[in-house]
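In what follows, a single structure is set out as structure tokens and then discussed.
The values are calculated or read from the model by the stated rules, or taken from the named source; none is laboratory data. Because the structure is a prediction, the values reported are computed rather than measured. Cβ placement follows ideal geometry from the backbone for every residue including glycine, while neighbour counts extend to all protein chains displayed. Accessible surface is based on the protein model in full, side chains and every heavy atom, while ligands, DNA and RNA are left aside. Shrake-Rupley method; radii C 1.70, N 1.55, O 1.52, S 1.80 Å.
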Amino acid sequence: MNFNDKGISTHPKYRKGRRKRSRWLRLGLYLILAGFLWIVYVLSQIGSVERSPAVVGSTNEPFDVGIVLGAAMWGDEPSPGLEERLLQSLEDYEEGKFRYFILSGGLDSVNNKYTEAEGMANYLETHGVPRDVMLLENNATSTYENLEFSQKIMVERGLTSALIITHTYHGNRALEMAEVLHYSNPKLSLTESKVLKPVTNVTREILAYTKWKLVQLGFAIGIK
């Protein structure tokens, strides 16, 4: 076997192996860089609604509906995170920002007594909201379904304008989905969470937003 003056083999098979390892190393570094840049991009998107007050907007006329996006139930009660969304919806309703609630969310577990929508309705009723202004959507299992199924309720009842109520971290993804579903000029009402763990929550949202963009890509190429 031949070696150069640095003691490195000059055999053709060895040189070929080094080039192959070098290519794999560069590919690995490119993938790591691409992953890092994607995370930075997603983080900028997650926070973008905070930096764009016009997205939240306001109007002199109340919206037809305030859509409260579901979250976990803790037994028969809304989880602390879901309660934050409900308190935001109560504030908006009391300020006259919308006429009807659409409470959207299916059954978390077969062991649960109530769907997310039913749990939210029970909570709002104990806070003085009459049942006849609540429209329940009891089947959604994702944010996209929250908005898709709520839109069907709106169409059935001739309702056109919607205020989407959720957390700040969740707002941009929800707004993008509403736009894909062709909501008419949807707006957001957002609350900043004081009970959810920031690192866990943001990590989950990075994954959820990435999944959404893949789904959106599927829509663009005709895959549903």
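Before moving on, here are some points about what is shown:
- Within segment 196-224, considering residues that are open to solvent by 80 Å² or more (accessible area, probe 1.4 Å) and β-branched (Val, Ile, Thr), the one nearest to Gln151 (Cα to Cα): Ile223
- Test: residue in segment 172-189 that is surrounded by fewer than 19 Cβ atoms within 10 Å (Cβ to Cβ) and touching a helix residue (DSSP H, G or I) at 6+ places or on another chain (Cβ under 6 Å): yes
Quick grid of which residues meet (1) open to solvent by 50 Å² or more (accessible area, probe 1.4 Å); (2) of a type in the set (A, V, I, L, M):
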| residue | (1), (2) |
| --- | --- |
| Val68 | no, yes |
| Gly81 | no, no |
| Leu107 | yes, yes |
| Lys113 | yes, no |
| His127 | yes, no |
| Arg131 | yes, no |
| Leu136 | yes, yes |
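- Within segment 70-79, considering residues that are open to solvent by 60 Å² or more (accessible area, probe 1.4 Å) and not hydrophobic (A, V, I, L, M, F, W, C), the one farthest from Gly171 (Cα to Cα): Asp76
- Any hit, segment 95-103, residues being surrounded by fewer than 19 Cβ atoms within 10 Å (Cβ to Cβ), modelled with pLDDT of 95 or more and more than 23 Å from Lys197 (Cα to Cα): yes
- Residues of segment 150-168 satisfying the condition of being open to solvent by 50 Å² or more (accessible area, probe 1.4 Å) and at negative phi: Lys152, Val155, Glu156, Arg157, Thr160
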